[in-house]
1. So, residue 140, is that one without any contact (Cβ under 8 Å) to a residue 12 or more places away in the chain and either open to solvent by less than 70 Å² (accessible area, probe 1.4 Å) or part of a strand (DSSP E or B) (or both) or not?
2. In region 53-67, is there at least one residue being in a strand (DSSP E or B) and among the acidic types (Asp, Glu)?
3. Take residue 77 and decide whether it is hydrophobic (A, V, I, L, M, F, W, C), crowded, with 16+ Cβ neighbours inside 10 Å, over 15 Å from the mean Cα position of the chain (by Cα) and at pLDDT 95 or above.
4. Checking the structure you have, find out if any residue of region 95-114 is within 14 Å of the ligand (Cβ to nearest atom) and assigned to a loop (DSSP other than H, G, I, E, B).
5. Looking at region 13-40, which of the residues that are of a type in the set (Gly, Ala, Ser) and part of a helix (DSSP H, G or I) is surrounded by the most Cβ atoms within 10 Å (Cβ to Cβ)?
6. Test residue 69 against the stated conditions and say whether it is modelled with pLDDT of 95 or more, within 15 Å of the ligand (Cβ to nearest atom) and buried (at least 22 other Cβ atoms within 10 Å of the Cβ).
7. Any chance region 118-126 includes a residue that's open to solvent by less than 70 Å² (accessible area, probe 1.4 Å), more than 20 Å from residue 25 (Cα to Cα) and modelled with pLDDT of 95 or more?
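The values are calculated or read from the model by the stated rules, or taken from the named source; none is laboratory data. In this text, all values refer to a predicted model and were calculated from it rather than measured experimentally. FYI the Cβ positions are ideal-geometry reconstructions off the backbone, even for glycines, and counts take in every protein chain you see. Quick note on the areas: whole protein, heavy atoms, side chains included, nothing else; ligands and nucleic acids left out. Shrake-Rupley method; radii C 1.70, N 1.55, O 1.52, S 1.80 Å.
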Amino acid sequence: MKRAIYPGSFDPLTLGHMDIIERSASIVDELVIGVLNNSAKNSLFSIEERVSMIKEMTAQIPNVTVASFRGLLVDYMKEINATIIIRGLRAVTDFEYELQIAQTNHVESPNVETIFLTTSLQYSYLSSTIVKEFASYGGDISKFVPKQLMDRIYTKYNITK
Ligand code: ADP
């Protein structure tokens with residue numbers, strides 16, 4: 001049984017993330033979406049809010065579960081018996097950083113492999129940061145995030161649509 005983890009901040013979940021989730025869930029047996037609980041990072045949504053939004057949006061995918069974790073990813077993977085890390089690659093700018101992390105994780109835990117999925121073309125420019133920037137000025141984020149999450153994002157900026 002191949003259990004994979006898709007780790008990230010997901011602050012908030014975007015359609016780019018959803019695309020990676022759907023595609024990777026179809027190639028592994030079990031996919032755990034691991035929301036990084038990093039107290040040093042200033043986040044828009046609390047860890048509980050992020051976990052519950054992702055749960056809601058992935059409820060229809062039977063082999064996906066959602067959890068939060070702290071500390072080193074490879075330590076958490078041992079805890080939950082996962083051996084595959086899923087990451088999305090958008091542009092070359094993602095590449096150098098992702099390569100470093102993947103190699104470090106592999107040295108640290110030789111049984112851990114990282115699988116990179118290239119972004120679907122229509123989401124190649126999309127990031128949680130762009131969504132927040134757009135939403136904060138009242139921009140239309142309907143092409144960037146699941147429709148069900150739009151109001152929750154605007155509310156964070158006191159914007160009613
Ligand atoms: P992190 O803080 O780890 O970068 P993110 O939530 O920003 O967390 O991203 C989590 C993962 O999703 C990363 O592997 C990132 O490259 C990938 N990702 C983010 N946006 C997209 C997108 N539009 N298309 C494909 N992959 C994406």
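1. On the way: without any contact (Cβ under 8 Å) to a residue 12 or more places away in the chain: yes; either open to solvent by less than 70 Å² (accessible area, probe 1.4 Å) or part of a strand (DSSP E or B) (or both): no.
In short, no.
2. Looking only at region 53-67, we keep the residues that are in a strand (DSSP E or B), and these are 64-67.
Pick out the ones that are also among the acidic types (Asp, Glu) and you get none.
The answer is no, given that none of the residues of region 53-67 is in a strand (DSSP E or B) and among the acidic types (Asp, Glu).
3. Values: hydrophobic (A, V, I, L, M, F, W, C): yes; crowded, with 16+ Cβ neighbours inside 10 Å: yes; over 15 Å from the mean Cα position of the chain (by Cα): yes; at pLDDT 95 or above: yes.
Considered against the rule, which asks whether it is hydrophobic (A, V, I, L, M, F, W, C), crowded, with 16+ Cβ neighbours inside 10 Å, over 15 Å from the mean Cα position of the chain (by Cα) and at pLDDT 95 or above, residue 77 comes out as yes.
4. no
5. Result: 16.
6. Working: modelled with pLDDT of 95 or more: yes; within 15 Å of the ligand (Cβ to nearest atom): yes; buried (at least 22 other Cβ atoms within 10 Å of the Cβ): no.
Against the criterion (modelled with pLDDT of 95 or more, within 15 Å of the ligand (Cβ to nearest atom) and buried (at least 22 other Cβ atoms within 10 Å of the Cβ)), residue 69 does not qualify.
7. So far as region 118-126 goes, yes, one or more of its residues are open to solvent by less than 70 Å² (accessible area, probe 1.4 Å), more than 20 Å from residue 25 (Cα to Cα) and modelled with pLDDT of 95 or more.
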